[in-house]
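First the structure, in the form of structure tokens, and then the observations on it.
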Amino acid sequence: MSIAKTAIIHAGVKLGKNVVIEDYCIIGVPPRGHKDGELETIIGDDSVIRSHTVIYAGNKIGDKFQTGNKANIRELNEIGNNVSIGTLSVIEHHVKIEDNVRIHTQVFIPEFSTLMKDSWVGPNVVFTNAPYPKSKNVKDDLVGPTLHENCIVGANSTLLPGVHIGKDSIVGAGSVVTKDVLAGDVVAGNPAKFIKKKTELPY
Amino acid sequence: MSIAKTAIIHAGVKLGKNVVIEDYCIIGVPPRGHKDGELETIIGDDSVIRSHTVIYAGNKIGDKFQTGNKANIRELNEIGNNVSIGTLSVIEHHVKIEDNVRIHTQVFIPEFSTLMKDSWVGPNVVFTNAPYPKSKNVKDDLVGPTLHENCIVGANSTLLPGVHIGKDSIVGAGSVVTKDVLAGDVVAGNPAKFIKKKTELPY
Amino acid sequence: MSIAKTAIIHAGVKLGKNVVIEDYCIIGVPPRGHKDGELETIIGDDSVIRSHTVIYAGNKIGDKFQTGNKANIRELNEIGNNVSIGTLSVIEHHVKIEDNVRIHTQVFIPEFSTLMKDSWVGPNVVFTNAPYPKSKNVKDDLVGPTLHENCIVGANSTLLPGVHIGKDSIVGAGSVVTKDVLAGDVVAGNPAKFIKKKTELPY
């Protein structure tokens with residue numbers, strides 16, 4: 001265990017074995033309407049939380065978790081084992097992230113998104129969840145994207161609310177995904193269109 | 001009033017009633033060429049400045065101001081009441097933001113931009129203001145975008161220098177806006193094109 | 001020389017004359033597999049490292065270096081004189097940046113990228129270096145983009161792995177660059193296409 005002197009650990013935080021928390025991190029921040037320590041925050045064994053990262057309370061995080069510097073994770077997420085959240089990436093609340101997911105740098109993942117196991121999200125990718133921002137029922141209408149197993153979302157892509165990115169599929173860099181991507185498809189463009197099957201790629 | 005012990009407050013900062021400033025924030029940083037305290041920095045009543053946020057000197061900010069964690073606000077902006085600047089968003093200098101504007105996460109707003117009241121800016125949106133970067137007269141030619149009242153700019157969109165986004169209009173996620181958007185229009189694409197009138201939307 | 005009390009300076013850091021390091025910075029962080037001080041970190045004369053910036057060990061950085069707030073620079077980069085890395089921008093490792101390069105805000109530059117002298121990178125630009133993320137040989141296949149001298153990459157553009165952006169060329173804002181850009185060309189769009197020669201621009 002290695003907790004930097006300048007790291008701030010709130011009440012209710014339960015750290016596994018051999019966890020490293022670097023300088024200027026804040027862990028277990030109570031979200032609005034909750035008292036300090038009211039929500040339990042669990043971070044699994046062998047995790048490394050890099051400097052200036054903020055993690056709110058109520059997260060259940062598995063073993064071998066890694067953050068880059070300055071990551072930001074809101075409350076009440078479920079995060080599996082061996083997950084990595086890159087430098088300056090932002091995870092909002094009520095997100096489900098399964099085992100072995102890798103989220104790269106400067107990514108944005110809003111509430112009610114689901115990332116199934118082994119999926120990979122490139123730098124600066126933006127998920128969205130509000131079909132009608134500023135509408136009267138916006139909070140009831142929120143629906144995040146779903147990444148199915150082992151898919152790849154290329155750098156700086158934008159996913160519209162509620163789209164499903166199929167198992168083993170690939171979204172090319174810079175795409176704007178406005179509808180579901182079928183399992184095993186490669187798509188690209190704005191709006192993203194079918195390019196080929198992943199099985200046609202040379203690797 | 002609640003000022004974290006690790007928050008650094010420079011001279012010349014005037015905080016309203018019930019302001020919260022969280023850990024590792026720095027407020028009232030003197031910009032280049034100015035001494036500490038030379039420019040007044042005003043933050044209104046009931047504001048919450050979340051951890052690791054940096055606010056330079058010379059800002060006039062209204063009541064009920066909120067920042068997400070790690071926001072960054074340069075000098076000499078005018079910001080109205082009930083404005084929210086999201087996590088990791090960056091506001092440069094000489095920006096005007098009117099009442100009830102919401103700027104989401106990881107947004108970039110350069111100098112000389114104007115955001116009129118009730119407008120909404122999605123995550124990772126990028127405004128630009130330099131028609132000819134690196135040109136001899138670049139500093140004289142800077143012209144930021146203008147958001148008119150109650151417009152919506154979808155996630156990861158890019159606004160070219162000087163464009164006007166009309167009142168009640170909507171820019172779809174992932175758009176690149178190269179010319180003005182008329183009031184009440186919905187546009188999308190790269191470059192962004194007219195899709196329909198907002199009145200045709202089902203909400 | 002002005003080193004803030006809250007700045008953390010690791011062993012092996014050699015600072016030039018008149019260097020400023022602001023609050024909550026961490027300089028000389030040993031990367032995985034290295035001990036504190038094992039790699040030398042050099043920052044040249046008259047450099048300013050703004051608050052909350054993290055610089056890993058093993059960087060060789062020239063004179064008059066500037067970072068914005070909260071920049072993040074990994075290990076083992078070579079950075080020339082008079083280089084600026086903007087607020088919240090991320091430089092990974094093994095990147096080569098020549099003299100007078102300006103990297104704006106919230107940019108992502110991955111390993112094995114090259115930025116030749118006088119090039120300019122706009123806000124939220126994303127470079128990529130993995131042709132086949134998650135493939136078996138991904139680490140061997142990494143190839144970053146190359147910016148040739150004096151080129152301009154507009155805001156929120158995406159550069160695919162290994163592309164060359166020619167000398168004096170311009171990539172328009174919001175572009176997705178999938179193939180090389182010839183010297184002196186102006187390109188834009190998704191995918192980026194030839195628009196005109198830079199010599200046809202009115203400046």
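Any read-out appearing in this document is the output of simple, stated calculations on the displayed coordinates, not a laboratory observation. Owing to the predicted nature of the structure, the values given are computational and were not obtained by experimental measurement. Cβ: placed from backbone, ideal geometry, glycine included. Neighbour counts: every protein chain shown.
Okay, residues lined up against (1) outside any loop (DSSP other than H, G, I, E, B); (2) on the phi > 0 side of the Ramachandran plot; (3) more than 8 Å from every other protein chain (Cβ to nearest Cβ):
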{"position": "A:Asn124", "(1), (2), (3)": "no, yes, no"}
{"position": "A:Lys136", "(1), (2), (3)": "no, no, no"}
{"position": "A:Lys139", "(1), (2), (3)": "yes, no, yes"}
{"position": "A:Gly162", "(1), (2), (3)": "no, yes, yes"}
{"position": "A:Ala183", "(1), (2), (3)": "no, no, yes"}
Checking the structure you have, find out if any residue of the stretch B:81-97 is touching a helix residue (DSSP H, G or I) at 6+ places or on another chain (Cβ under 9 Å), of a type outside the set (Val, Ile, Thr) and in a loop (DSSP other than H, G, I, E, B). no
For C:Val107, the lone unmet condition from (1) in contact with a Lys or Arg (Cβ under 9 Å, 6 or more places away or on another chain); (2) within 14 Å of chain B (Cβ to nearest Cβ) is (1)
Any idea how many residues of the stretch A:166-203 are over 18 Å from B:Ala155 (Cα atoms) and either crowded, with 24+ Cβ neighbours inside 10 Å or over 20 Å from the mean Cα position of the chain (by Cα) (or both)? 20
Which of the residues that make up the stretch B:185-203 are of a type in the set (S, T, N, Q) and more than 13 Å from chain A (Cβ to nearest Cβ)? B:Thr199
Quick check on my filter: what residues within the stretch A:71-80 are part of a strand (DSSP E or B) and more than 14 Å from chain C (Cβ to nearest Cβ)? A:Ile73, A:Glu78, A:Ile79
Report yes if C:Ile91 is within 13 Å of C:Leu147 (Cβ to Cβ) and either at the interface with another protein chain (Cβ under 10 Å from one of its Cβ atoms) or not basic (Lys, Arg) (or both), otherwise no. no
When only residues in the stretch B:135-165 that are out of contact with any Asp or Glu (no Cβ under 6 Å at 6 or more places or on another chain) and of a type in the set (Asp, Glu) count, which is surrounded by the most Cβ atoms within 10 Å (Cβ to Cβ)? B:Asp141
So which residues in the stretch B:77-134 are under 26 Å from C:Ala71 (Cβ atoms), surrounded by fewer than 24 Cβ atoms within 10 Å (Cβ to Cβ) and acidic (Asp, Glu)? B:Glu111
Determine which member of the set B:Asp118, B:Asp168 is within 12 Å of chain A (Cβ to nearest Cβ), in a loop (DSSP other than H, G, I, E, B) and in contact with a helix residue (DSSP H, G or I) (Cβ under 8 Å, 6 or more places away or on another chain). B:Asp168
Looking at the stretch C:24-46 only, could you name the residues that are in contact with a strand residue (DSSP E or B) (Cβ under 7 Å, 6 or more places away or on another chain) and either assigned to a loop (DSSP other than H, G, I, E, B) or within 18 Å of C:Ile97 (Cα to Cα) (or both)? C:Cys25, C:Pro31, C:Glu40, C:Thr41, C:Ile42, C:Ile43, C:Gly44
Could you look through the stretch C:1-58, keep only residues that are closer than 23 Å to C:Asn81 by Cβ, among the charged types (D, E, K, R) and out of contact with any Ser or Thr (no Cβ under 8 Å at 6 or more places or on another chain), and pick out the one that is nearest to the other protein chains (Cβ to nearest Cβ)? C:Asp46
Please specify each residue of the stretch C:1-23 satisfying the condition of being in contact with a strand residue (DSSP E or B) (Cβ under 7 Å, 6 or more places away or on another chain) and of a type in the set (Lys, Arg). C:Lys14
Filter the stretch A:59-70 down to the residues that are within 17 Å of A:His104 (Cα to Cα), buried (at least 24 other Cβ atoms within 10 Å of the Cβ) and away from chain B (no Cβ under 14 Å) and list them by number. A:Phe65
